[in-house]
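Worksheet: one structure, shown below.
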Amino acid sequence: MVKLKLLTAAFAAMTALAVVPTAGMAQDSLAASAPKEIAPETLSEVPRNQTVVLGWGVAASSPIGVTNPWAIPGYTHQEGNVFMWEPLMYFGIFKGEFIPWLADSMEYVGTDYMSLEIKLNKDAKWSDGTAVTSKDVVYTFDGQLNNEKLPYHANFAQFVESTTATDDLTVLVKFKTPAPRFKFEVLTEKFDTGIPIVPAAWESAQADYTMAAGSTDIPHSGPFDLIAWNSNQKIFDYRKDWWAVKAGRIAEPAVKRIIIANITGVSMDTVAQRIVNNEFDSALDMRSSVIGNILAQNPEVTTHTGNESPFGYLDWWPNSLWMNTQLAPYSDARVRRAISLSINRDQINDVLYDGAKIATIYPFPLYPNLQAFADSPGVKALEEQYQPGKFDTEESAKLMTEAGFALNGDGLWAKDGKTVDATIQGFENIHGDIVPILVEMLRAAGFDAAINFGPDAYQNMADGKAGLYMFGHGASLYDPFEALNLFHGKYSANIGTAAGNSRWSRYKNPEFDAILDSIAPLSSDDPKFIEGATKALGIYWRDQIDVPIIQWLHRIAYNQHYWKNWPTAASPAMGTNGAFWAQTGTLVITALQPSGAQ
């Protein structure tokens with residue numbers, strides 16, 4: 001048996017979803033009331049071959065002791081708390097399937113999407129042995145509806161009229177307006193979205209549940225109990241009475257303990273070496289060169305695509321070069337199109353991804369349902385018309401000339417003595433490989449490009465400063481509506497005000513808005529929805545709202561020395577993505593199988 005030591009380490013790179021400086025900031029009073037350490041009197045020994053060790057952060061986004069999903073701000077699912085909480089359903093993105101969990105079914109009543117009936121699993125229980133009932137669901141939904149602090153309040157306020165328990169296992173949700181995406185976008189967990197169900201009895205007993213840390217006391221339905229937590233590590237132990245096994249949702253998990261080792265602050269090379277040495281079973285996603293070195297040094301390590309490039313799967317965070325479309329010269333669609341024409345996406349694929357087709361022309365990730373939309377005849381016709389992926393510096397030059405620019409003595413486009421500021425605001429830890437390549441392409445096409453990886457990069461994006469913004473967005477997973485909706489005029493912030501995350505373009509177009517408003521009440525399989533979404537995508541390309549660059553990859557190393565059955569392209573398990581920190585992390589860990597190593 002290998003003894004597990006306290007592990008101290010740190011992120012050398014931000015993950016895509018942790019890059020925003022404002023994310024995860026906890027209330028000072030909540031931090032002050034939370035314990036500085038959770039330490040059991042005795043910690044039982046668990047063999048290494050029953051323990052999963054994961055490299056991640058343990059207190060970067062939330063104070064030690066905060067396990068209550070309604071302790072807002074302060075709670076995060078990404079630092080292991082996901083192993084305590086469960087949704088009504090999960091979604092297996094790579095199989096395109098709903099995975100029933102606390103709920104056996106969630107079905108719209110009728111065809112108008114004005115009501116939704118939820119039927120709970122009769123075996124679902126909290127960790128204190130009490131049943132998960134419709135009262136918990138109603139309490140969860142009413143809390144989101146009535147408390148502006150809770151993360152899905154806006155969704156509930158927009159759509160939900162009432163939530164009623166018709167019996168102990170049945171809930172009826174009535175909507176104010178057709179809500180065909182509510183089931184998927186809000187009530188189903190996938191990647192980093194969706195809500196868990198919380199225990200009504202415990203939450204309602206708190207003086208202010210948004211200030212109640214939860215710690216080890218809060219009842220939870222998930223399979224793991226929090227055992228220990230300090231600045232170095234976070235430990236969860238499996239509880240043998242997890243309801244999901246009896247209910248037939250999943251086989252008895254082989255993993256009996258999870259240790260999340262803090263890697264905040266240590267070099268990526270050190271984290272990688274811990275994987276090579278079989279100290280870590282997995283860790284945060286890494287860049288291609290790091291993953292390649294790991295695979296070369298330890299043949300027991302694999303990735304989503306095995307030993308083949310691109311070593312990862314599509315995340316839900318496609319990256320674009322954004323710009324403030326209200327600010328000259330980016331307010332001119334010809335300039336935006338000229339910038340796009342200067343990007344050689346084939347070269348990006350060859351240089352960074354060994355030929356894998358990662359560069360993109362879409363504002364959404366090509367998961368199965370979205371790939372089908374992208375392949376539809378209407379979209380293909382518009383792609384042929386607008387050629388959004390075209391690389392042509394001569395055509396780029398023609399557009400810049402039409403827009404009133406001329407090349408100056410330095411070979412840069414200028415008008416009235418001013419060049420086009422194409423400084424790329426970005427983050428070295430996640431874009432250090434691609435941004436220098438983009439700068440070289442832009443300068444070759446006459447744009448005054450440079451790099452700003454400084455601490456002001458994010459604020460410059462939010463403030464709409466001159467330049468380009470290399471950043472991604474999470475939105476569409478099932479149909480294109482949510483991605484296209486990012487550009488709805490209602491989200492267009494005026495110059496002088498801060499733009500919300502993923503609203504960097506500040507685009508406004510009544511024609512575009514009208515199309516989105518007309519398809520919002522329609523289901524994704526409605527021919528009128530497909531027709532409208534196709535038209536909206538055509539406007540996105542026509543107006544070059546932003547410049548799509550790459551699909552984002554999660555390149556995660558899976559060490560198979562102790563554990564196998566990590567979700568990969570060859571063996572997708574339940575069809576979820578392989579990020580243990582995502583909302584579907586419980587399904588990743590509980591599906592692991594021992595390799596036989598001692």
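The values are calculated or read from the model by the stated rules, or taken from the named source; none is laboratory data. Since this is a predicted model, take the numbers as computed values, not measurements. Every residue, glycine among them, receives a Cβ derived from its backbone with ideal geometry; neighbour counts consider all protein chains shown. Protein only, heavy atoms only, side chains kept; ligands, DNA and RNA dropped before computing areas. Shrake-Rupley method; radii C 1.70, N 1.55, O 1.52, S 1.80 Å.
Within the range 536-565, which residues are assigned to a loop (DSSP other than H, G, I, E, B), farther than 26 Å from Phe94 by Cα and not β-branched (Val, Ile, Thr)?
Kept after step one, since they are assigned to a loop (DSSP other than H, G, I, E, B), are these residues of the range 536-565: 544-546, 551-552, 555-557, 560-562, 565.
Imposing the further condition that a residue be farther than 26 Å from Phe94 by Cα reduces the set to 544-546.
If the condition is that a residue be assigned to a loop (DSSP other than H, G, I, E, B), farther than 26 Å from Phe94 by Cα and not β-branched (Val, Ile, Thr), then Gln544, Asp546 are the ones that fit.
Among the residues that make up the range 389-398, is at least one of them touching a residue at least 40 places away in the same chain (Cβ under 8 Å), within 24 Å of the chain's Cα centre (by Cα) and under 20 Å from Asp543 (Cβ atoms)?
The first filter runs over the range 389-398 and keeps only residues touching a residue at least 40 places away in the same chain (Cβ under 8 Å), leaving 389-393, 395-397.
Subset that is within 24 Å of the chain's Cα centre (by Cα): none.
Scanning the range 389-398 turns up no residue that is touching a residue at least 40 places away in the same chain (Cβ under 8 Å), within 24 Å of the chain's Cα centre (by Cα) and under 20 Å from Asp543 (Cβ atoms).
Just name the residue that is farthest from Ser288 (Cα to Cα) out of those in the range 350-381 that are free of Cβ contacts under 8 Å to residues at least 24 places away in the same chain and either in a loop (DSSP other than H, G, I, E, B) or in contact with a strand residue (DSSP E or B) (Cβ under 9 Å, 6 or more places away or on another chain) (or both).
Of the range 350-381, the ones free of Cβ contacts under 8 Å to residues at least 24 places away in the same chain are 350, 357, 371-372, 374-375, 377, 380-381.
Restricting the remaining residues to those that are either in a loop (DSSP other than H, G, I, E, B) or in contact with a strand residue (DSSP E or B) (Cβ under 9 Å, 6 or more places away or on another chain) (or both) gives 357, 375.
Numbers: Lys357: 14, Asp375: 29 Å.
Among those that are free of Cβ contacts under 8 Å to residues at least 24 places away in the same chain and either in a loop (DSSP other than H, G, I, E, B) or in contact with a strand residue (DSSP E or B) (Cβ under 9 Å, 6 or more places away or on another chain) (or both), it is Asp375.
Going through the range 240-297 one residue at a time, which ones are closer than 22 Å to Pro219 by Cβ and among the charged types (D, E, K, R)? Write out each step before concluding.
Step one: filter the range 240-297 for residues closer than 22 Å to Pro219 by Cβ, giving 240-247, 249-250, 252-253, 255-258, 260.
Lys240, Asp241, Lys246, Arg249, Glu252, Lys256, Arg257 - these are the residues of the range 240-297 that are closer than 22 Å to Pro219 by Cβ and among the charged types (D, E, K, R).
Please go through the range 110-135 and give me each residue that is more than 19 Å from Phe159 (Cβ to Cβ), open to solvent by less than 60 Å² (accessible area, probe 1.4 Å) and in contact (Cβ under 8 Å) with a residue 40 or more places away in the chain, ordered by number. Explain how you work it out, then say what you get.
Keep residues of the range 110-135 that are more than 19 Å from Phe159 (Cβ to Cβ), which gives 119-135.
With the extra rule that they be open to solvent by less than 60 Å² (accessible area, probe 1.4 Å), the set shrinks to 120-121, 123-124, 126-127, 129, 131-134.
Within the range 110-135, Leu120, Asn121, Asp123, Ala124, Trp126, Ser127, Gly129, Val132 meet the criteria.
Of the conditions (1) closer than 29 Å to Leu314 by Cβ; (2) open to solvent by 20 Å² or more (accessible area, probe 1.4 Å); (3) in a helix (DSSP H, G or I); (4) in contact (Cβ under 8 Å) with a residue 24 or more places away in the chain, Ala201 clears all except one; give me its number.
Just one mismatch for Ala201, condition (1).
Can you find a residue that is on the phi < 0 side of the Ramachandran plot, in a helix (DSSP H, G or I) and out of contact with any Leu (no Cβ under 7 Å at 6 or more places or on another chain) anywhere in the range 571-584? Steps first, answer last, please.
Kept after step one, since they are on the phi < 0 side of the Ramachandran plot, are these residues of the range 571-584: 571-572, 574, 576-584.
Those still in the list that are in a helix (DSSP H, G or I) too: none.
No, there is no match, as no residue in the range 571-584 is on the phi < 0 side of the Ramachandran plot, in a helix (DSSP H, G or I) and out of contact with any Leu (no Cβ under 7 Å at 6 or more places or on another chain).
Of all residues being of a type outside the set (D, E, K, R) and open to solvent by 60 Å² or more (accessible area, probe 1.4 Å) in the range 515-532, which is farthest from Ala374 (Cα to Cα)? Just the residue, please.
Keep residues of the range 515-532 that are of a type outside the set (D, E, K, R), which gives 515-516, 518-524, 527, 529-530, 532.
Checking the rest, the ones that are also open to solvent by 60 Å² or more (accessible area, probe 1.4 Å) come to 518, 527, 530.
On the way: Ser518: 20, Pro527: 15, Ile530: 11 Å.
Going through the qualifying residues, I end up with Ser518.
Suppose we filter Gln273, Gln297 for residues that are in contact (Cβ under 8 Å) with a residue 12 or more places away in the chain, farther than 9 Å from Ile556 by Cα and either small (Gly, Ala, Ser) or open to solvent by 10 Å² or more (accessible area, probe 1.4 Å) (or both); which single one remains?
Numbers: Gln273 fails: in contact (Cβ under 8 Å) with a residue 12 or more places away in the chain.
From the options Gln273, Gln297, the qualifying one is Gln297.
Of (1) within 30 Å of Thr325 (Cα to Cα); (2) modelled with pLDDT under 95; (3) among the small types (Gly, Ala, Ser), Ala573 satisfies all except one. Which?
Failing condition for Ala573: (1).
Just to check your reading of the model, which residue among Val160, Val171, Val82 is without any contact (Cβ under 8 Å) to a residue 24 or more places away in the chain, crowded, with 19+ Cβ neighbours inside 10 Å and not polar (S, T, N, Q)?
Result of the check over Val160, Val171, Val82: Val160.
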